[in-house]
Amino acid sequence: MSLVINHNLMAMNAQRNLTDHYGRLGTSTRRLSSGLRVGTAADDAAGLAIRELMRSEISSLHQGIRNANDAISLIQTADGALQVIDEKLIRMKELAMQASTGTYNSDQRLIIDSEYQAMSSEINRIAAATDFNGIYLLNGNLSGTTANHNGSGVASTGPLKIHFGTGNDSAEDYYYVAISGSTASAFGLGHGAASKSGTGAAANAGKAISTQALAQASLEAINNAIISKDKIRANLGSMQNRLENTITNLEIQAENLQAAESRISDVDVAQEMTEFVRNQILTQSAVAMLAQANSLPRMAMQLIGG
C-alpha cells in the first residue's frame with residue numbers, strides 16, 4: 001500500500017469497522033435492556049409477524065379463561081338460588097302431606113294453604129330477582145334451544161352464549177348455557193299455574209292444597225316440580241364441570257403458546273451477553289486502531305522534511 005496524504009484508507013477501514021461494531025454493540029445493549037431479541041421489524045421480519053399473531057392469540061386465550069370463569073360464577077349464582085327454591089319445594093310437599101290427612105278441618109287446611117301459597121310466591125320472587133351482572137337467570141329468559149339465541153340486538157336473547165375460544169367456530173370456541181324458567185307457575189305450582197288435563201282435583205293439582213283432594217293430587221305435582229328443578233341443577237352442574245375442564249385446556253394452550261412466542265421474541269441473555277462483550281472488545285480495538293491510522297500520514301512529513 002502506497003504512502004499517500006490525500007486519502008487515509010487505513011483510517012477509513014478502521015472507521016467502517018468501528019461503525020459496524022458500535023452498531024452491533026448498540027443492538028446488543030437494546031436487546032439486553034429490553035429482554036427482546038425481536039425489538040423491531042428489522043431484527044427478524046418474519047419472526048415479528050409470527051410473534052404478533054401469537055401475542056394476539058395469547059391475549060385472547062387469557063380473556064377466554066376470564067369469560068369461562070365469569071360463566072362459572074353465573075352458574076353458581078343460579079345454582080345457589082335453585083338451592084333455596086329446593087328448600088321451598090320441600091316445605092310445600094311437607095305442607096301438602098299435612099293437608100292430605102283427615103285429621104285437619106277446612107279452616108286449618110286454609111291456614112296450611114296460605115303458607116303453601118306464600119312458598120309459591122317466594123319461589124316466584126327468587127326466580128324473578130336472581131340475576132348476574134344484570135342478566136336474569138331463572139325467569140325463563142335463558143330457556144330454549146341454541147337455535148333461539150339471537151345476539152344481533154343490543155341485548156342478546158335466548159340461551160346464554162359463553163365464548164372462550166379465539167375464533168368463532170361453534171364446535172371449538174363457544175357453547176350455550178340454557179336455564180329453564182324456575183318460577184312456581186313454570187313448575188306447575190301455586191295459583192298462577194296452568195290447569196292440567198283431567199277434571200276436579202286432578203285439573204288443579206299443585207295450584208292449592210285447601211282441600212284434602214287437592215292436597216293429595218298436589219303431591220305428584222310437587223314431585224314433578226322437584227324433578228324439574230333437579231334437572232336444571234344437574235344441567236348447570238355438568239356445565240360448570242365442562243367449563244372447569246375448558247379453563248384447564250385454555251391455560252395449557254396459553255402456556256405452550258407463550259413458550260413458543262418466547263422462543264421467537266425473547267433474547268437469550270447468555271448468548272447476547274457473549275455478543276455484547278465481543279462487540280465491546282471489537283469497538284474498543286477499532287477506536288484504538290482508528291487513532292493509530294489517523295497518525296500514519298504524519299510519516300510522510302518525515303520524508304518531506306528529510
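Just a few scattered comments:
- Neighbour-count ranking [beta-carbon atoms within 10 angstrom, fewest first] of Glu115, Glu57: Glu115, Glu57
- Rounded to the nearest 0.05, the FRET efficiency derived from the C-beta distance between Asp70 and Ile90 at R0 = 30 Å is 0.45.
- Computed from phi, the 3J(HN,Hα) profile of the range 25-40 under the Karplus parametrisation 6.51, -1.76, 1.60 (θ = phi - 60°) reads 5, x, 4, 4, 4, 5, 5, 5, 6, 9, x, 10, 6, 9, x, 10 Hz, with x in place of Gly and Pro.
- Ranked list, fewest to most other Cβ atoms within 10 Å of each Cβ, for Ser59, Ser28: Ser59, Ser28
- Protection proxy ranking of 116-123, 244-251 - average other beta-carbon atoms within 10 Å, highest first: 116-123, 244-251
- Potential extension, Ser262-Thr146 segment - 0.36 nm per residue separation minus Cα distance: 37.8 nm
- Take the Kirkwood radius over Cα pairs of the chain, plug it into Stokes-Einstein at 4 °C and 1.567 mPa s, and you get 49 µm²/s for translational diffusion.
- Nitroxide proxy distance, nm - points 7 Å out along Cα→Cβ at Val4 and Thr274: 4.1 nm
- If only the Cβ of Lys and Arg carry +1 and only the Cβ of Asp and Glu carry -1, the dipole of the range 140-276 around its Cα centre is close to 1560 debye.
- A simple rule links phi to the HN-Hα coupling: the Karplus curve 6.51 cos²θ - 1.76 cosθ + 1.60 with θ = phi - 60°, which for the range 178-191 gives 9, 10, 5, x, 10, 6, 4, 5, 5, 7, x, 10, x, 4 Hz, with x for Gly and Pro.
- Translational diffusion of the range 214-282, estimated by Stokes-Einstein from the Kirkwood radius over alpha carbon pairs at 20 °C in a medium of 1.002 mPa s, is 121 µm² per second.
- Most mobile listed residue (Leu214, Leu296, Leu189) in the chain, GNM with C-alpha springs under 10 Å: Leu296
- Among 130-140, 145-155, the order from most to least packed when residues are scored by Cβ within 10 Å on average: 130-140, 145-155
- At R0 = 51 Å, FRET efficiency that the Cβ-Cβ distance of Ile50 and Arg125 yields, to 0.05: 0.35
- Label separation (Ala300 vs Lys231): 10.3 nm, computed from points 7 Å beyond Cα along the C-beta direction.
- Beyond 18 Å, the tail of the calculated P(r) for the range 1-69 holds 65 percent of the Cα pairs.
- Here the residues Phe276, Phe187, ranked from fewest to most Cβ neighbours within 10 Å of their Cβ, fall in the order Phe276, Phe187.
- The residues packed around Ser285, meaning those with a beta-carbon under 14 Å from its beta-carbon, carry a net charge of +2 if Lys and Arg are +1 and Asp and Glu are -1.
- Considering every alpha-carbon pair of the range 25-125, the percent of pairs per 10 Å bin, from zero through the bin containing the longest distance, is 12, 20, 14, 11, 10, 9, 9, 8, 6, 1.
- For the chain, lysine pairs with C-alpha atoms less than 29 angstrom apart, excluding pairs fewer than eight positions apart on the same chain, total 15.
- Distance between the range 1-78 and the range 161-193 - C-alpha centres, whole angstrom: 46 Å
- About the Cα centre, charge dipole magnitude for the range 47-265 (Lys/Arg +1, Asp/Glu -1 at Cβ), debye: 420 debye
- Reference-scaled alpha-carbon Rg (2.2 N^0.38 Å with N residues) for the range 137-296: 2.25
Every number here is computed from the coordinates shown, using simple stated rules; none is lab data. It should be emphasised that the depicted structure is a prediction, and the values quoted were computed from it without experimental measurement. Please note: Cβ atoms are built from the backbone with ideal geometry, for glycine as well, and neighbour counts cover all protein chains shown.
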